[in-house]
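Notes for the one structure printed next.
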Amino acid sequence: MGSDFKTIPIIDISPLVAKIDDPKLAASNDVMEVVRQLDEACKEAGFFYVKGHGVPDSMIKEVREITRSFFALPTEEKLKIKMTPKTGYRGYQNVGENITKGKPDMHEAIDCYRPILPGQYGDLAKALEGNNLWPETPSNFKALMEDYLSLVKDLSRKIMRGIALALGAPVDAFEGDCAGDVFWVLRIIGYPVSTDIPESERTDIGCGAHTDYGLLTLVNQDDEIQALEVQNRSGEWVYAVPLPGTFVCNIGDMLKVWSNGIYEPTLHRVTNKTPFYRVSVAYFYESNFDACIEPVECCMQRTGGIAKYDNIVYGEHLVKKVQTNFVEGRY
């Protein structure tokens, strides 16, 4: 945890987006100013907003609108794509079925993962094998989300290229064996108004305090509902206040290991204390599923020359988390 930040930095990444595949990327002053801001944000807060990202605002809003439409359906309709271990932990989970540090979270969600063929990663991915369960209603849900996934995956690659430069690594350091065949996770989440949850089942946390598992997370949150909180070094919770047209970005566990602790993920949580139903769509850009993530030489040289973390196989880390974060509820 980097500092006693009181606000989350805002970074206009348009120069990086415009020149991302230019062989002279690192020689551009405006790009390197973006890189400097990314470096500072990752060190100080582990969170930042991005604007100038190139994803149409109309699509960002449409993704939230269709999410809200799905969660407004009757429970029996949502349960047509019910998540269970047999579905590869893909599909719909009801309020209280997601667990963070042993406590039920007051949200409902659709969990999606990059499709995995049987045997694709051997036993490593067996628990998550399969295809995603997309709802039939609204009818354009799957098509819209798959278009959106393509855009945010590309955006994440661009941001990670900037982060590679910020760490003093080659621009393509997070491609190839590390993340050239990226795995991804998509959580489509709804946070009910607390008074709509039976008192006997209610807690005060929409999603408990945690860090994310992979490299980078992009959060598309409601424009006017303040609920996402980030913890600074003093233990204070700072709101990630909604800023229309931006994504809230944060770094994850794999980047901590890869950078040998130069960048550390920050605890965050969600508490919906408003009288409004909140939606959020979180895209997690991960390493290759079977990648063994370890501190790299350029980062170890900056941190005393010794690896601070053991190697982690990303897929093992993810499966362990998934299997302890879900409990089947009353339906």
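The values are calculated or read from the model by the stated rules, or taken from the named source; none is laboratory data. Owing to the predicted nature of the structure, the values given are computational and were not obtained by experimental measurement. We place every Cβ from the backbone using ideal geometry, glycine too, and count neighbours over all the protein chains shown. The area values use the complete protein model at the heavy-atom level, side chains included, leaving out ligands, DNA and RNA. Shrake-Rupley method; radii C 1.70, N 1.55, O 1.52, S 1.80 Å.
Worth pointing out:
- Dipole of the range 163-303, positive end: most advanced residue of A166, L228, G214 [Cβ charges, Cα centre]: L228
- Basic side chains Lys and Arg get +1 at the Cβ, acidic Asp and Glu get -1 at the Cβ, and with that the dipole of the chain about its Cα centre reaches some 320 debye.
- Per-residue ³J(HN,Hα) for the range 159-168, Karplus 6.51 cos²θ - 1.76 cosθ + 1.60, θ = phi - 60°, Hz, x for Gly and Pro: 5, 5, 5, x, 5, 4, 5, 4, 8, x
- Annotation: aspartates and glutamates with alpha-carbon distance below 17 angstrom to K80 (same-chain offsets under eight excluded): E97, E108, D111, E136, E328.
- Relative contact order, percent, the range 1-50 [alpha-carbon distance under 8 Å, six or more residues apart]: 60 percent
- Qualifying trypsin sites (Lys or Arg not before Pro) for the range 46-154 [loop in DSSP, other Cβ within 10 Å: at most 12]: K101
- Percent accessible area from carbon and sulfur atoms, the chain, protein chains only, probe 1.4 Å: 50 percent
- Taking each of K19/K153; K82/K126; K101/K158; K78/K320; K153/K256 in turn, the alpha-carbon distance tops 24 angstrom for K101/K158; K78/K320.
- Remark: the range 57-66, residue by residue, has Karplus-estimated 3J(HN,Hα) of 4, 4, 6, 4, 5, 5, 4, 5, 5, 6 Hz, where x stands for each Gly or Pro and the curve is 6.51 cos²θ - 1.76 cosθ + 1.60 at θ = phi - 60°.
- For the range 1-68, the Cβ-based charge dipole about the Cα centre amounts to some 160 debye (Lys, Arg positive; Asp, Glu negative; other atoms uncharged).
- Relative contact order %, the chain, counting alpha carbon pairs below 8 Å whose residues are six or more apart: 22 percent
- Label point distance in nm, K321-Y239, each placed 7 Å from Cα along Cα→Cβ: 2.7 nm
- Protection-proxy order for peptides 228-237, 275-284, 311-320, each taking the mean of Cβ atoms within 10 Å per residue, highest first: 275-284, 311-320, 228-237
- Charge-dipole axis of the chain as Lys and Arg at +1 and Asp and Glu at -1 on Cβ define it, positive-most pick from Y239, P74, Y263: P74
- Across the range 37-125, the mean sequence separation of Cα contacts (distance under 8 Å, 6 or more residues apart), normalised by length, yields a relative contact order of 14 percent.
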